[in-house]
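The values are calculated or read from the model by the stated rules, or taken from the named source; none is laboratory data. Please read all numbers here as calculations on a predicted model, not as lab measurements. Don't worry about glycine lacking a Cβ; one is built from the backbone with ideal geometry, like all the others, and counts go over all protein chains shown. SASA here: full protein model, heavy atoms, side chains in, ligands and nucleic acids out. Shrake-Rupley method; radii C 1.70, N 1.55, O 1.52, S 1.80 Å.
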Amino acid sequence: MTDPFGFLRIPREAVPARPVEERLGDWREIHAGRMLLPLVSRQAGRCMDCGIPFCHNGCPLGNLIPEWNAYAARGDWPAAYERLHATNNFPEVTGRLCPAPCEDACVLAINADPVTIKNVEQAIADEGLRLGYLVPRPPQRRADTSVAVIGSGPAGLAAAQQLTRAGHRVTVYERADRLGGLLRYGIPGFKMEKGLLTHRIAQMAAEGTEFVTGADVGHGDEGEGGSTGAGGGRVDAAALRARYDAVVVAVGAGEHRELPVPGRTLDGIHPAMDYLTWANRVQEGDCAESPLSARGRRVVVVGGGDTGSDCLGTALRQGALSVVQLDINPEPGPERPAEDPWPVYPKVYRISHAHEEARGRAGRDPRLFSAATLRFDGDPAGRVRALRLTAVEPVGRTPVAGTAQVVPADLVLLALGFSGPERAGGLRERLGLDLDERGNFARDAGFAAAGGRAPGVFVAGDAGRGQSLVVWAIAEGRAAAAAVDRHLTGSTCLPAPVGAHDRPMSALGRMRYLD
């Protein structure tokens, strides 16, 4: 703690984003350029170094927030960078994408504005990258044990890096043509520029992790693919399991939820992830313009979560004529409700950067709360032209009589979340995986696939937990790596959250180190 009265003397001040009109003209990050380090250091000085740091418990990774706050307040970026990485493989990712439940768990949040923990985290990560602190950390010796990781999202990458550093020979299999999973194709560049992934993957490759892209693991018929960076083709999951000593399944939750209403099959209605993937491919240089571009169209986004917000920001940058976002939930209030007491993550009215951009462009919040879709209307050519909706009751979501309205629409994006890992492809059948009651891959408390039919197979991230946050994915990847290490060697020194997949997102977490 640098200033015991800092939280009394210094008001909360977030790092300012670029002006709305400026950032709508490009695809660079909201906070493009270096963070304002004097501002960040001053804000880090507001940390009270509480006797019981609830911010630790609000974070699934158990980040050592008071420690790196103290170093950042002094401008000791090397020490801050080291403490940040003690619990988090990819702080440059979480500093941009995590909704920061740690801030709502900050003791200051009881009756004041919390520390700007997310800004401090990103500033430390970015400064460390700028100063060259991101260097490979290969193991001192390698074992003969081998591990295959299926999926290169945050859970898969975290598990792979931990296992490589523990000395195992790790190969990551990714179905797409580029590594990163949803970090690559699901997250728009204005939230996280992809150069960050390039740096991290280069670090992992230098540490000894191998990568195979274009590898569709499931019912394979072309062998098991090639070496690092080679196209894998269709890979037989059972053959993969036979080749490696252990397998980590980290394929995410890609089964998108549908909207079973009349008119759903009209042209112009697409899952949000298809839309975001094409937009990201344009930025990768794969095509000049997305075939699902919102340019000149009236866009309706169905779904009020982060993915819907990403669609909103993307549509604005593509030059949409108008954008409306529907949220079936009632509009939250500005204050923490009684049913969400401190330090849990509360349901309050929040404005994302995309919402701010829409308000700057149209002068109003683009969201319609308590709104449910009744049907889609189309033209004679079979293309969507309007969405019919109704207001719904907060409890039970029953339609409210006399509230039906029509919203013009040329492009409808379904951002309704995900219901578990994809069912098609044969991965589950070939590895002998069971499904739990929520449709995720079943596993035990040690992340091992449940049922006993898949020995040596472990499940991490959204594939076992269900749709969640990037910080949970990294935490689960680390925990699964510790479980695999223990399975292969009999013990482990890898740190990991305990029971991460059993805790609700808003609950307090506990950390311990496995030995």
**Fill in**
Taking a probe of 1.4 Å and leaving out DNA, RNA and ligands, the chain shows per residue an accessible area in Å² of 42 Å²
**Prompt:** When the helix-only estimate is applied to the chain (DSSP H runs of n ≥ 4, each -39,500 (n - 2.57), divided by the residue count), what is the mean residue ellipticity at 222 nm, nearest 500 deg cm²/dmol?
**Reply:** -9000 deg cm²/dmol
**Asked** What is the magnitude of the charge dipole of the chain about its Cα centre, with +1 placed on the Cβ of each Lys and Arg, -1 on the Cβ of each Asp and Glu, and no other charges, expressed in debye to the nearest 20?
**Response** 300 debye
**Asked** When all C-alpha to C-alpha distances in the stretch 283-390 are sorted into bins of 5 Å, what percent of pairs does each bin hold, rounded to whole numbers?
**Response** 2, 10, 18, 20, 18, 14, 8, 5, 3, 1, 0
**Message:** Rounded to two decimals, what is the ratio between the C-alpha radius of gyration of the chain and 2.2 N^0.38 Å?
**Reply:** 0.97
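If the only charges are +1 at each Lys and Arg Cβ and -1 at each Asp and Glu Cβ, what is the size of the charge dipole of the stretch 68-124 around the Cα centre, to the nearest 20 debye?
So the dipole magnitude of the stretch 68-124 works out to roughly 80 debye.
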**Message:** Going by Cα centres, the stretch 289-345 and the stretch 37-91 are how many Å apart?
**Reply:** 30 Å
**Request:** Give a quick list of GluC sites (Glu not before Pro) in the stretch 261-337 that DSSP marks as loop, anything other than H, G, I, E or B, with at most 12 other Cβ atoms within 10 Å.
**Result:** GLU289, GLU335
**Message:** Between the stretch 159-226 and the stretch 457-486, what is the separation of their alpha carbon centroids in Å?
**Reply:** 15 Å
**Translational D in µm²/s for the stretch 62-113 (Stokes-Einstein at 10 °C, 1.306 mPa s, Kirkwood Rh from C-alpha pairs)** = 134 µm²/s
**Complete:** Quick calc of log₁₀ I(q)/I(0), the stretch 65-167, Debye, one scatterer on every Cα, no solvent, q values 0.13, 0.15, 0.16 1/Å, result -0.57, -0.72, -0.79
**Message:** Just want to confirm a number: the relative contact order over the chain, from Cα pairs under 8 angstrom separated by 6+ residues, in percent.
**Reply:** 16 percent
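Quantify, in whole percent, the carbon and sulfur part of the accessible surface of the chain (1.4 Å probe; protein heavy atoms only).
Roughly 52 percent of what the probe reaches on the chain is carbon or sulfur.
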**Fill in**
SASA check, ARG142, accessible area w/ 1.4 Å probe, all protein chains in place, rounded to nearest 10 Å², comes out at 90 Å²
**Prompt:** If the cut-off is a Cα-Cα distance under 14 Å, which aspartates and glutamates reach LYS194, setting aside same-chain residues fewer than 8 apart in sequence?
**Reply:** GLU29, GLU92, ASP126, GLU284
**Request:** Mind checking the stretch 57-89 for chymotrypsin sites (Phe, Trp or Tyr not before Pro) that DSSP puts in a loop (not H, G, I, E or B) and that have at most 12 other Cβ atoms within 10 Å?
**Result:** none
**Item:** Coil-residue chymotrypsin sites (Phe, Trp or Tyr not before Pro) of the stretch 1-61, DSSP, other Cβ within 10 Å capped at 14
**Value:** PHE5
**Prompt:** Under a no-solvent Debye model with one identical scatterer per Cα of the stretch 151-283, what's log10 I(q)/I(0) at q = 0.12 Å⁻¹?
**Reply:** -0.53
**Request:** Output the antiparallel fraction of DSSP beta bridges having both residues in the chain, as a percent to the nearest 5.
**Result:** 35 percent
**Prompt:** Whole-Hz Karplus ³J(HN,Hα) for the stretch 161-171, in order, using 6.51 cos²θ - 1.76 cosθ + 1.60 and θ = phi - 60°, x for Gly and Pro?
**Reply:** 5, 5, 5, 4, 5, 7, x, 7, 8, 10, 10
**Message:** As a test question: what accessible area, to the nearest 10 Å², does HIS219 have when a 1.4 Å probe is rolled over all protein chains in place?
**Reply:** 90 Å²
**Fill in**
Filtered hits (lysines, Cα-Cα < 28 Å from LYS347, offset >= 8 within chain) -> LYS118, LYS191
**Request:** Find the Rg to Rh ratio for the stretch 337-392, where Rh is the Kirkwood radius over alpha-carbon pairs and Rg uses the same atoms.
**Result:** 1.16
**Asked** Can you work out ³J(HN,Hα) from phi for every residue in the stretch 88-99, in order, using Karplus 6.51 cos²θ - 1.76 cosθ + 1.60 and θ = phi - 60°, giving whole Hz and x for Gly and Pro?
**Response** 9, 6, 9, x, 5, 7, 5, x, 9, 10, 6, x
**Item:** Sequence ranges 240-249, 397-406, ranked by mean other-Cβ count within 10 angstrom, highest first
**Value:** 240-249, 397-406
**For peptides 318-329, 455-466, 339-350, 95-106, sequence by mean Cβ density within 10 Å, most packed first** = 455-466, 95-106, 318-329, 339-350
**Asked** What Kirkwood hydrodynamic radius, in Å, does the stretch 102-143 give when the mean of 1/r is taken over all pairs of distinct Cα atoms and then inverted?
**Response** 13.0 Å
**Message:** Can you compute 3J(HN,Hα) from phi for each residue in the stretch 455-468, using the Karplus curve 6.51 cos²θ - 1.76 cosθ + 1.60 with θ = phi - 60°, rounded to whole Hz and x for Gly and Pro?
**Reply:** x, x, 9, 10, 10, 9, x, 4, 4, x, 8, x, 3, 8
**Amide H partners (placed H, <5 Å) of PHE418, local residues excluded** = ARG257
